[in-house]
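Working notes, beginning with the structure itself.
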Amino acid sequence: VTPQQLREQLAAIVGPDHVLTAPDELVAYSYDATPLFQAVPDAVVQPGSTAEVAAILRLCHQHRIPVVPRGSGTNLSASTTPIAGGVVLNFARMNRILEIDEENLTCTVEPGVITGEVHRAVEAKGLFYPPDPGSMHISTIGGNIAQGAGGLRGLKYGVTRDYVMGLELVLADGTVIETGGKNVKDVAGYDLTRLMVGSGGTLAVVTKALLKLVPKPAARRVALALFDELDDAARAVSRIIAHKIIPATLEFLDQATLRAVEDFARIGLPTDAGAVLIMEQDGHPAVCAEDVEAMARLCREEGATRVEVAASEAEAQKLLEARRVALSALARRSPTLVLEDATVPRSRLAEMVRFIQEVATRYDLEICTFGHAGDGNLHPTCMADERNKEQMERVHAAFGEIFAEAIRLGGTITGEHGVGVAKAPYLEARIGPEALALMRRIKAAFDPHGILNPGKIFGTEAQAERGSAG
Ligand SMILES: Cc1cc2nc3c(=O)[nH]c(=O)nc-3n(C[C@H](O)[C@H](O)[C@H](O)COP(=O)(O)OP(=O)(O)OC[C@H]3O[C@@H](n4cnc5c(N)ncnc54)[C@H](O)[C@@H]3O)c2cc1C
């Protein structure tokens, strides 16, 4: 089909107002939150219903046109960069909460709904949807599901994967299927719902999601502990877990991140601390108080120089915000921010943080580290400038070493951001050639012509030519 025919046929499905083809409009969909990757699509379509999504896929399947599903584009692995061109499926119009079922504790939503809106809607009914990626005020449920997003509450409550009970999917050829459902128990055949979570838009398109809810915790307490030494903070994390406390949140910021956050948000944090832990417990008020007190004591025993317990909900919000704004705060400091999510078993956290610091010194780079300490999920973040080619080579080499070390320590190349294009060169080292070959066969079974988000997870030809250095 010619570009003109494609535009007309898409317009016949969704209406001309919901097809974008002007160059300036397309540029806005040529990149996502990942630096260093950009490619312009041929068209952007905003479907309003499952039937429209199915018709778009039938059309693209027939003409072998790549389709890139897109929520808010906040992913950090270039998962929505249309590297093979084609059609971007933007879910901004499919953003309704369809049902909150208080008897079955479920919520049915369209994929374009913002995560934070689901939180607000269910919490108004005394219910709780725990997955809370740092981007929750802008990211969509469709994007969270496709990326297998984690969040700050992952340690206690689990991640997006643990809260998806069923999906409505449109397959590559336009067929609509439903997976899972409201049954707490259901082992009828393969678990296609779980297979979809984290599949990065490469297997099928999500048009509806059935989410699991839990009762809203009655109360929460938040505390912050400051340490001179990073090792002291890492030991405190181990002590807290060994003490059989599972906090709702246990976040970590190193000194460089702390300074950037304070400079950005003016929260009143002392910037001379070597590391910070932000701790939250929720549940029965007495349990919250007891656990936060115990965590504070353990932090002091491990050398915390100061521990502050938030006296009010407003203060608690402020402390948690310190962690949520970390990425935005760091983003102001350099033209290019390379943020990764190497993850290790939490017992190896201190070793991994030390290794990151050592690599940064060796490659003469500024790498700040923050992350979900309780999950061993670290976000080493490098201040760089992509115009400086020599520096970018050092950045790639440094992260290559960081991923290799994470794997050596029993960890992984990505804890929650997904493989996308950015991590594709490292996937085989993490899962092995046999598992990778099986994944390719699964992809081929779902999408024989490879139209769904091509190049993601399995990498591009250019990456293959460059070899494992990415
Ligand atoms: C400031 C900031 C903080 C962040 N914090 C976290 C964090 O704490 N934890 C975390 O896990 N991530 C975090 N992220 C990364 C990002 O927000 C998540 O990956 C999020 O899930 C992406 O959602 P999105 O709506 O922006 O999806 P997009 O970026 O638009 O898309 C992500 C993937 O989902 C696919 N997709 C989107 N919609 C559909 C659909 N309907 N059907 C099939 N596939 C679909 C896309 O093709 C793509 O592969 C953060 C990002 C930023 C910028």
Check your understanding: When you look at Ser328, is it touching a Ser or Thr at 6+ places or on another chain (Cβ under 7 Å), within 29 Å of Val222 (Cα to Cα) and surrounded by fewer than 16 Cβ atoms within 10 Å (Cβ to Cβ), yes or no?
Key -> no
Review point. Which of the residues spanning the range 91-116 are under 30 Å from Thr381 (Cβ atoms) and in contact with a His (Cβ under 9 Å, 6 or more places away or on another chain)?
Key: Ile114, Thr115, Gly116
Review point. Does the range 45-54 contain at least one residue that is in a helix (DSSP H, G or I) and within 11 Å of the ligand (Cβ to nearest atom)?
Key: yes
Practice item. Hey, could you check the range 219-247 for residues that are part of a helix (DSSP H, G or I) and among the β-branched types (Val, Ile, Thr) and say which is farthest from Ala314 (Cα to Cα)? Key: Ile241
Exercise for review: Please state which one of Phe399, Phe355 is aromatic (Phe, Trp, Tyr) and within 20 Å of Leu327 (Cα to Cα).
Suggested key: Phe399
Exercise for review: Please enumerate the residues belonging to the range 171-225 that are over 20 Å from Cys107 (Cβ atoms), surrounded by 14 or more Cβ atoms within 10 Å (Cβ to Cβ) and of a type in the set (Ser, Thr, Tyr).
Suggested key: Ser199, Thr202
Review point. Which residues, counting only those in the range 430-470, are assigned to a loop (DSSP other than H, G, I, E, B), more than 22 Å from the chain's Cα centre (by Cα) and either more than 16 Å from the ligand (Cβ to nearest atom) or small (Gly, Ala, Ser) (or both)?
Key: Gly432, Pro448, His449, Gly450, Gly467, Ser468, Ala469
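Conditions (1) under 18 Å from the mean Cα position of the chain (by Cα); (2) among the aliphatic types (A, V, I, L, M); (3) not in a helix (DSSP H, G or I), marked per residue:
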position	(1), (2), (3)
Val307	no, yes, yes
Lys318	no, no, no
Glu321	yes, no, no
Val338	yes, yes, yes
Ala350	no, yes, no
His379	yes, no, yes
Ala406	no, yes, no
**Study point:** Enumeration of residues in the range 102-152 that are under 20 Å from Ile246 (Cβ atoms) and more than 10 Å from the ligand (Cβ to nearest atom)
**Key:** Phe128, Tyr129, Pro130
**Study point:** Enumerated strands (runs of 3 or more DSSP E) restricted to the range 64-150, each holding at least 3 residues that are surrounded by fewer than 24 Cβ atoms within 10 Å (Cβ to Cβ)
**Key:** 97-101
Review point. Which one is farthest from the ligand (Cβ to nearest atom), of the residues in the range 153-164 that are among the hydroxyl-bearing types (Ser, Thr, Tyr) and out of contact with any strand residue (DSSP E or B) (no Cβ under 7 Å at 6 or more places or on another chain)?
Key: Tyr157
Review point. In the range 192-203, is there at least one residue being more than 10 Å from the ligand (Cβ to nearest atom) and of a type in the set (Gly, Ala, Ser)?
Key: no
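Computed from the coordinates by the stated procedures, all read-outs in this text should not be read as laboratory data. Not measured: the values here are computed from a predicted model. Glycine gets a Cβ as well: all are built from the backbone with ideal geometry, and neighbour counts include every protein chain shown.
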